[in-house]
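The structure appears right after this line, and notes come after that.
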Amino acid sequence: MNFLSISETSPAGIEEIMQLAQSVKHNRLRYAVSLLGKQVVFLFERPSTRTRVSFDVAVNHLGGHAISLDFPQTQLSRGESIADTGRVLGRYADCIVARLFRQEDLVELATHARIPVINGLTDEEHPCQAMSDLFTMRERGKLASGRRFCFIGDASRNMANSLMLATAKAGMSVTLVTPAACKPQERFLKEARPFAEVKVVHDAVTGIKGADVVYADVWAEPGHESESASKLADFDGLQLNADLLKHAADDAIVMHPLPAHRGLEITSDVMDGRQSAVWDQAENRLHVQKALLLKLLQKD
Ligand code: CP
């Protein structure tokens, strides 16, 4: 009923979303009234460009109606609880897309709203991004058992958590290149490892060797830059630049969830270069989120 975590999605469920997204992307008009009469509330506690706009456009393309709420506009900013907010929104709307800090708050919202809730990012996971990233890999012929996925960044955070689960469930061999101070969370490793090999390395050249997909993530999460500034030295040698990319497969694709810090975790020549899938990746948020909305809201 909800989409809160990649944990809740099986390999078969991932394939179902991939196929639906493919259909939606190439047959837009077929789905033009699929969400007719449906109300989708966006509840955002933190900033967003891609998630907010791609979901808003997705709802509109599907014939539904989107209502966008930032926390300061709501009574949440004056102390109303997440649970009571969920109870009320659930009486008006058909779905909530929420971007919150705490996963616990998202679960609380979903528990009390009793309508489908979609995780638009929390500190723990970014499952919509991970699903659309799988779709981009699939389009580029990289989403296959045995293909090598290399993540470079802070493996202790939301993007790594969701991607580790998603790529492992898709059967890819996963390497997380991360500073020793940013180890992946045991819970996510334990969940991913039955599906595929997941290696953790600290040396970027070792980790990227032969990779089919190279994924650079931010070193300092948007909104957490000041607390992360002291950690930047930990990422020495982990910049995705042309020299490092030479160690990946010749036809490797480069991905980044955006927003990027050009010149920090990724150089502009790589981000704008011939191997970059970054802009298709951003576009695919729209198509995959349409598929998620259809899956959760269209019951026939
Ligand atoms: N990648 C992503 O979620 O972008 P926004 O923060 O702009 O939504």
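The values are calculated or read from the model by the stated rules, or taken from the named source; none is laboratory data. Because the structure is predicted, anything quoted here is derived from the model rather than measured. Every residue, glycine among them, receives a Cβ derived from its backbone with ideal geometry; neighbour counts consider all protein chains shown.
Screening Phe3 with (1) of a type outside the set (Ser, Thr, Tyr); (2) surrounded by fewer than 19 Cβ atoms within 10 Å (Cβ to Cβ); (3) closer than 30 Å to Ala260 by Cβ gives one miss only, at (2). Got at least one residue in the range 100-114 being within 16 Å of the ligand (Cβ to nearest atom), at pLDDT 95 or above and assigned to a helix (DSSP H, G or I)? Yes, that holds for at least one residue.
I need a count of the residues in the range 255-272 that are of a type in the set (A, V, I, L, M), surrounded by 23 or more Cβ atoms within 10 Å (Cβ to Cβ) and within 16 Å of the ligand (Cβ to nearest atom).
We begin by selecting, within the range 255-272, every residue of a type in the set (A, V, I, L, M); these are 255, 258, 260, 264, 266, 270-271.
With surrounded by 23 or more Cβ atoms within 10 Å (Cβ to Cβ) added as a condition, the list becomes 255, 266, 270.
Of the ones still in play, those that are also within 16 Å of the ligand (Cβ to nearest atom) are 255, 266.
Going through the range 255-272 one residue at a time, the tally reaches 2.
Residues are listed down the side, and each one gets a yes or a no for (1) in contact with a helix residue (DSSP H, G or I) (Cβ under 9 Å, 6 or more places away or on another chain); (2) modelled with pLDDT of 95 or more:
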{"residue": "Asp234", "(1), (2)": "yes, no"}
{"residue": "Gly237", "(1), (2)": "yes, yes"}
{"residue": "Ala249", "(1), (2)": "no, yes"}
{"residue": "Val254", "(1), (2)": "yes, yes"}
{"residue": "Val270", "(1), (2)": "yes, yes"}
{"residue": "Ala277", "(1), (2)": "yes, yes"}
{"residue": "Ala282", "(1), (2)": "yes, yes"}
{"residue": "Arg285", "(1), (2)": "yes, yes"}
{"residue": "Leu292", "(1), (2)": "yes, yes"}
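If the condition is being surrounded by 21 or more Cβ atoms within 10 Å (Cβ to Cβ) and under 25 Å from Glu139 (Cβ atoms), then the range 228-244 contributes Leu240, Leu244.
Being within 15 Å of the ligand (Cβ to nearest atom), closer than 21 Å to Ser276 by Cα, buried (at least 24 other Cβ atoms within 10 Å of the Cβ) and outside the structural domain of Asp84 (by TED's automatic domain parsing), is that true of even one residue in the range 170-193? Working first, answer last.
Step one: filter the range 170-193 for residues within 15 Å of the ligand (Cβ to nearest atom), giving none.
Within the range 170-193, not a single residue is within 15 Å of the ligand (Cβ to nearest atom), closer than 21 Å to Ser276 by Cα, buried (at least 24 other Cβ atoms within 10 Å of the Cβ) and outside the structural domain of Asp84 (by TED's automatic domain parsing).
Given the criteria away from the ligand (no atom under 16 Å from the Cβ), without any contact (Cβ under 8 Å) to a residue 40 or more places away in the chain, in a helix (DSSP H, G or I) and not β-branched (Val, Ile, Thr), does Asp84 qualify? Working first, answer last.
Values: away from the ligand (no atom under 16 Å from the Cβ): yes; without any contact (Cβ under 8 Å) to a residue 40 or more places away in the chain: yes; in a helix (DSSP H, G or I): yes; not β-branched (Val, Ile, Thr): yes.
So Asp84 passes the test.
Considering the conditions (1) under 17 Å from Lys290 (Cβ atoms); (2) part of a loop (DSSP other than H, G, I, E, B); (3) not aliphatic (A, V, I, L, M), Thr51 is excluded by exactly one of them, (2).
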